[in-house]
Amino acid sequence: MSYTVSFERMNELIQSLQSNYKIFAPVRFEKRGRYSDTDMVRYANISCVEEIVHDEKSDFSPKEVVFPVTQAILYFTESEFMESRVHDKKILIFLRSCDIHGIRRLDNMFLRNGNVADFYYKRLREKVKFVLMECHDGWDTCFCVSMGSNETSDYSMAVRFHDDSLEIDVKDEEFEPMFGKEAQSDFTPEFVKQNAITVKIPDIRDKDTLHEVYNLPLWQSYNSRCQSCGACNAVCITCSCFTTTDVVYSENGRMGERRRVWASCQHEDFTAMAGGHRFRTTPGERLRFRALHKVYDYRQRFKTEQMCVGCGRCDDRCPEFISFSAMINRLSEEVDKLNEVKSK
Amino acid sequence: MNGLLVHETRANHNEMIPTAHEVLGVVRETETEFTLRVKTDAEVHHGQFFQISLPKVGEVPISVSAIEDGFVEFTIRSVGKVTGELLRIRKGDRLFLRGPYGNSFPIHQFRGKDLVIIAGGTGVSPVRSTLRYFYQHRGEVPSLHFIAGFKDDNSVLFREDLELFRQRFDTIYSLDHDKVPGFEVGFVTEHVKQITFTDFSDYNVVIVGPPVMMHYVALECLKEGASEDKMWVSFERKMSCAIGKCGHCKIDETYVCLDGPVFNYSVAKSLLD
């Protein structure tokens with residue numbers, strides 16, 4: 001059923017939900033943006049609907065709700081390890097269709113890859129219910145339509161924001177009773193039908209072509225531009241890599257934690273082993289690694305759609321204005337040329 | 001939850017928690033390398049690895065260099081933070097382990113066929129348990145050629161085992177430059193031609209060592225008539241989880257921790273970092 005709910009009433013509902021739920025949504029952090037005098041929009045706990053930034057794209061994705069930037073996984077003394085704990089509340093996330101698809105991609109990585117579910121992801125992920133935020137036109141770096149992530153029915157509730165009210169489509173029986181007294185509406189979420197950018201997934205048909213792709217000069221062209229900062233990985237909803245490190249609480253201390261921290265495949269030390277050996281030593285090779293993971297490797301591994309959901313945050317965030325969508329289109333053109341040569 | 005649950009039986013199992021194991025002995029192999037014998041009843045296959053942890057220091061993937069009743073051995077080069085600290089471990093101390101992880105050398109496929117094992121430096125360590133197995137079960141393979149290469153006399157690992165292997169295998173031990181009794185001089189690649197693959201009715205070749213060494217030894221074997229699908233290599237990569245989540249060991253759609261560390265050469269040759 002769908003309803004029209006005033007912000008005032010919605011805030012009462014949020015308040016009552018908070019006894020069982022932590023509610024996450026894109027929130028404005030004033031003057032915390034990447035340029036002076038700009039704001040940052042990222043996911044945080046909310047307690048009223050006015051806090052939700054619904055008319056801008058968030059700089060960071062909601063992945064940090066289920067896969068925190070840093071997370072204590074074990075606590076240790078010198079003689080034992082203990083599992084860390086999480087809060088006992090359930091989680092509600094306000095997010096867009098692309099990000100719902102993105103979290104499904106994370107599910108594949110954390111829950112299915114290797115046939116053993118990641119304990120730490122799973123314990124947070126199982127708590128999560130989605131509140132879809134309707135998206136009308138997207139933004140200028142979005143390419144969700146090309147990636148097929150513009151639409152979804154995978155949500156408990158969907159919302160459309162008006163000035164002082166919202167329309168809400170409630171699909172989840174758990175939430176239905178809360179809205180019994182609200183005015184019904186015929187709202188169903190609409191989806192982005194077209195983006196300013198169209199991206200073509202490269203049609204890599206075999207390993208031979210893949211190896212030719214490795215050697216394309218286009219990767220080298222990024223060597224002087226890419227700073228290997230890893231900002232693209234940090235904002236990406238589908239980037240799931242991490243490193244674990246041990247942290248001791250005090251100097252000469254005997255207690256501490258084993259901590260999981262986001263890792264970036266763009267960083268030079270991503271593959272570095274003790275003794276100094278590492279792989280992919282140029283920024284171009286590392287960009288190639290990331291690009292192919294997003295549009296080829298993941299699809300090959302899971303026999304499913306590509307990993308990238310087209311949120312475009314990597315383009316928004318790159319300090320060198322490297323456009324991922326442009327890179328993939330360049331790659332597709334090159335692959336088409338390779339395929340053409342082969343078909344002759 | 002809709003379609004979320006995976007492997008119900010292990011649903012609440014936390015694979016990241018290591019357990020304490022007693023160190024039964026320490027053997028100093030070289031100035032920087034040492035072997036730890038660790039008590040465990042885990043079922044381990046030749047070529048697999050464990051995550052060894054030291055609280056406060058961290059965790060590293062180390063392959064088993066021996067698998068025996070009630071214990072495994074790890075041979076470690078002390079070059080990093082964790083391996084440097086492991087150097088201080090003594091008999092009777094406790095180590096934290098999780099594993100074993102990864103696939104293993106296909107011993108069942110090796111049985112009844114000639115076997116060639118070529119290893120360089122610390123690459124001898126992941127093949128040592130296989131060698132020890134066939135030393136104890138010599139009748140299972142018609143012949144076993146073992147070529148081991150080390151940098152110099154001071155880098156030679158497993159001296160006792162090497163002497164035992166001489167008795168039951170066709171061995172060539174080589175040092176890059178040093179002239180020492182019992183050792184040839186030169187890189188392992190230079191000795192591959194002594195193996196006539198065409199004399200074998202069927203065979204397998206195991207090659208383990210640094211990436212460059214494996215690459216050139218494989219090419220040399222191919223030149224001598226070996227076929228790709230009979231060759232096996234083992235990869236070493238940085239890992240944080242060993243269960244296919246952390247992403248560090250990924251090469252195209254392959255995860256070394258899950259799909260390796262052992263690869264048939266026909267697969268390995270197309271794994272480009």
Hey, got the average number of other protein chain Cβ atoms within 10 angstrom for residues in B:89-97?
1
Mean Kyte-Doolittle of at least -0.5 plus a Cα span of 20 Å or more along the axis: flag which DSSP H helices in chain A meet both, please.
A:324-343
Label-to-label distance, nm, for residues given as residue B:198 and residue A:333 (7 Å Cα→Cβ offset)
5.2 nm
Note to self, chain B gives a 222 nm [θ] from helices alone (DSSP H runs n ≥ 4, -39500 (n - 2.57) apiece, / all residues, nearest 500) of -5000 deg cm²/dmol
Reachable lysines from residue A:294, Cα under 18 Å, same-chain residues fewer than 8 places away excluded?
A:63, A:200, A:207, A:303, B:245, B:250
Excluding residues fewer than 8 positions from residue A:337 in its own chain, the aspartates and glutamates with Cα under 18 Å of it are A:203, A:206, A:208, A:212
What is the distance in Å between the Cα centres of the range B:28-48 and the range B:63-129?
5 Å
Mean separation of Cα pairs under 8 Å and 6+ residues apart, divided by the residue count of chain A: what relative contact order is that in percent?
21 percent
Any idea what the relative contact order of the range A:33-86 is, in percent, if you count C-alpha pairs under 8 Å spaced at least 6 apart?
24 percent
Within 10 Å of each Cβ in B:266-273, the average number of Cβ atoms from other chains:
3
Take every DSSP beta bridge whose two residues both sit in the protein assembly as shown, then give the antiparallel share in percent to the nearest 5.
65 percent
Just subtract the alpha-carbon distance of residue A:225 and residue A:268 from 0.36 nm times their residue separation and send over the number in nm, one decimal.
14.0 nm
Packing-wise, with mean Cβ within 10 Å as the measure, how do B:120-129, A:294-303 rank, highest first?
B:120-129, A:294-303
Which of B:159, B:90, B:98 moves most in a GNM of chain B, Cα contacts under 10 Å?
B:159
Which angle from 0 to 90°, rounded to the nearest 10, does the C-alpha axis of helix B:211-223 make with the longest principal axis of chain B?
40 degrees
Report, in degrees rounded to the nearest 10, the 0 to 90 angle that the Cα long axis of helix B:124-136 makes with the longest principal axis of chain B.
70 degrees
With runs of 4+ DSSP H residues as the only contributors, calculate the mean residue ellipticity of chain A at 222 nm using -39,500 (n - 2.57) per run, divided by the residue total and rounded to the nearest 500.
-7500 deg cm²/dmol
Ordering of B:251-261, A:322-332 by packing [mean C-beta count within 10 Å, highest first]:
B:251-261, A:322-332
Given charges of +1 on the Cβ of Lys and Arg and -1 on the Cβ of Asp and Glu, with all other atoms neutral, how large is the dipole of chain B about its Cα centre, in debye to the nearest 20?
660 debye
Under 27 Å from residue B:179, Cα to Cα: lysines that are on another chain or at least 8 residues apart:
B:151, B:193
Quick check on packing: order A:117-128, A:306-317 by the mean number of other C-beta atoms within 10 Å, highest mean leading.
A:306-317, A:117-128
What FRET efficiency do you get for residue B:108 and residue B:223 if R0 is 25 Å and r is their Cβ-Cβ distance, rounded to the nearest 0.05?
0.30
What distance in nm separates the simple spin-label points at residue A:140 and residue A:304, each placed 7 Å from Cα in the Cβ direction?
3.4 nm
To the nearest 10 degrees, how steep is helix B:159-168 against the longest Cα principal axis of chain B, on a 0 to 90 scale?
50 degrees
For residues of B:234-240, the mean tally of beta carbons on other chains within 10 Å
4
Can you give the % of DSSP beta bridges in the range A:46-192 that are antiparallel, to the nearest 5?
50 percent
Please identify, among A:264, A:240, A:36, the residue showing maximal mean-square fluctuation in a Gaussian network model of chain A using a 10 angstrom Cα cutoff.
A:36
Two pseudo-spin positions, 7 Å from Cα along C-beta at residue A:18 and at residue A:78, lie apart in nanometres by 4.5 nm
Normalised contact order of the range B:8-101, rounded percent, pairs of Cα under 8 Å and 6 or more residues apart:
37 percent
Report the full-extension gain for the segment residue A:321 to residue A:40: residue separation times 0.36 nm, less the Cα-Cα distance, to one decimal in nm.
99.4 nm
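Each reported figure results from applying straightforward, stated rules to the coordinates on display, with no laboratory input. Just so it is clear, the model here is predicted, and its values are computed rather than measured. Don't worry about glycine lacking a Cβ; one is built from the backbone with ideal geometry, like all the others, and counts go over all protein chains shown.
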